[in-house]
Amino acid sequence: MTDKEGCCAKFNVGLSELVKCRRLNIRDCDSLVLQYSEFLDLAIKAEKSAMEEFNFKVDRLDMFLQKHIGSVSSMSKLWDLLRELLILSHGQATGERGFSINWQVMIKNMKEQTLVAQCTIHDHIQSIGGLGQVVVNKELLAGRQHYSAYLEEQKKEQQQAFRNRKWKIVLGKKAEFEKKKKRLASEISASQLNADSLAKEAEEKAKPVLLTKSNALRKAAKEKERALGKIEDELRELAKKSASL
């Protein structure tokens, strides 16, 4: 704390990184630097002994900072920033009361509910004076049963979500095939009508060319009928999948 210039330089580097990762608005930097400078003056003059006596292995950093920064109204922006940094840290965050928790119980990618539960348990044990003071009552003994029920519920929800995703995929494919089926049926009907009309005209006017066109239309209609048959097969398969979901 005696090197105020060096501390401010490091603080500015930290602010720059927070701005880069969009955790901080650049317009707030000037006021934060001023408040940090005020804190350093306080640390050097009025609270020097308290700063020197701080033991990071025993003392709670969040409580220490709250006392010397959070309780000072003129450093409110600095305290808000420090709160966010404490919450983002890897070993000093609960986000509920006080922030601190033993880093050894933290696991990467821990779910929010698990983290909150561990923080709550940790705080309770600390407040009653240690593990030896924990009262094992019926409610606590039933905790495992409640947890198993919770896991089962989570499993059911995941299975239902999976079925819903598959159902949406099936419905999407079904709508696509129905659209193709309708289009092909319309084209087949039109081709057959045109073929009949050309065949009749060819017979009446004795024009072999028209008969050739009529036969080509019938051939195209047959190919489309085969394609339509495949689409109907696909629709039947989708119906089976829908029934099994």
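Results, tabulated for the structure shown:
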| read-out | value |
| --- | --- |
| Hits in segment 186-245 (condition: closer than 28 Å to Trp167 by Cα and among the small types (Gly, Ala, Ser)) | Ala227, Gly229, Ala239, Ser242, Ala243, Ser244 |
| Helices (runs of 4 or more DSSP H) contained in segment 13-85 and holding at least 2 residues touching an Asp or Glu at 6+ places or on another chain (Cβ under 9 Å) and of a type in the set (A, V, I, L, M, F, W, C) | none |
| Members of segment 214-228 that are surrounded by 16 or more Cβ atoms within 10 Å (Cβ to Cβ) and without any contact (Cβ under 8 Å) to a residue 24 or more places away in the chain | Ser214 |
| Long-range neighbours under 6 Å by Cβ, at least six apart or interchain, first residue closer than 14 Å to Gln35 by Cβ within segment 76-88, second aliphatic (A, V, I, L, M) and in a helix (DSSP H, G or I) | Lys77/Leu32; Leu78/Leu32; Leu78/Ile69; Trp79/Ile69; Leu82/Leu65 |
| Selected residue (only one of Ile101, Ile128, Ile169, Ile107 is modelled with pLDDT under 75 and exposed (fewer than 13 other Cβ atoms within 10 Å of the Cβ)) | Ile107 |
| Filter result for Lys200 (under 45 Å from the mean Cα position of the chain (by Cα) and either within 30 Å of Ser214 (Cα to Cα) or surrounded by fewer than 16 Cβ atoms within 10 Å (Cβ to Cβ) (or both)) | no |
| Among (1) in contact with a Leu (Cβ under 7 Å, 6 or more places away or on another chain); (2) in contact (Cβ under 8 Å) with a residue 24 or more places away in the chain, the one test that Glu201 misses | (2) |
| Residue that is farthest from Leu86 (Cα to Cα) [pool: residues in segment 8-48 that are among the small types (Gly, Ala, Ser) and without any contact (Cβ under 8 Å) to a residue 12 or more places away in the chain] | Ala46 |
| Gln92 vs. criteria at pLDDT below 80 and out of contact with any Ser or Thr (no Cβ under 6 Å at 6 or more places or on another chain) | no |
| Segment 7-42, residues that are charged (D, E, K, R) and more than 15 Å from Ile69 (Cβ to Cβ) | Lys10, Glu17, Lys20, Arg22, Arg23, Arg27, Asp28, Asp30 |
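The rows are residues; the columns are (1) in contact with a helix residue (DSSP H, G or I) (Cβ under 9 Å, 6 or more places away or on another chain); (2) among the hydroxyl-bearing types (Ser, Thr, Tyr).
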residue: Phe177; (1), (2): yes, no
residue: Ala185; (1), (2): yes, no
residue: Ser189; (1), (2): yes, yes
residue: Glu201; (1), (2): yes, no
residue: Ala206; (1), (2): no, no
residue: Thr212; (1), (2): yes, yes
residue: Asn215; (1), (2): yes, no
residue: Ala220; (1), (2): yes, no
residue: Lys224; (1), (2): yes, no
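Residue-by-condition table, conditions (1) hydrophobic (A, V, I, L, M, F, W, C); (2) in contact with a strand residue (DSSP E or B) (Cβ under 8 Å, 6 or more places away or on another chain); (3) surrounded by 13 or more Cβ atoms within 10 Å (Cβ to Cβ); (4) on the phi > 0 side of the Ramachandran plot:
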| residue | (1), (2), (3), (4) |
| --- | --- |
| Arg27 | no, no, no, no |
| Tyr36 | no, no, yes, no |
| Ile44 | yes, no, yes, no |
| Glu52 | no, no, no, no |
| Asp62 | no, no, yes, no |
| His68 | no, no, yes, no |
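The values are calculated or read from the model by the stated rules, or taken from the named source; none is laboratory data. Computed from a predicted model, the values in this text were never measured in an experiment. Positions of Cβ are backbone-derived with ideal geometry, glycine not excepted, and every protein chain shown enters the neighbour counts.
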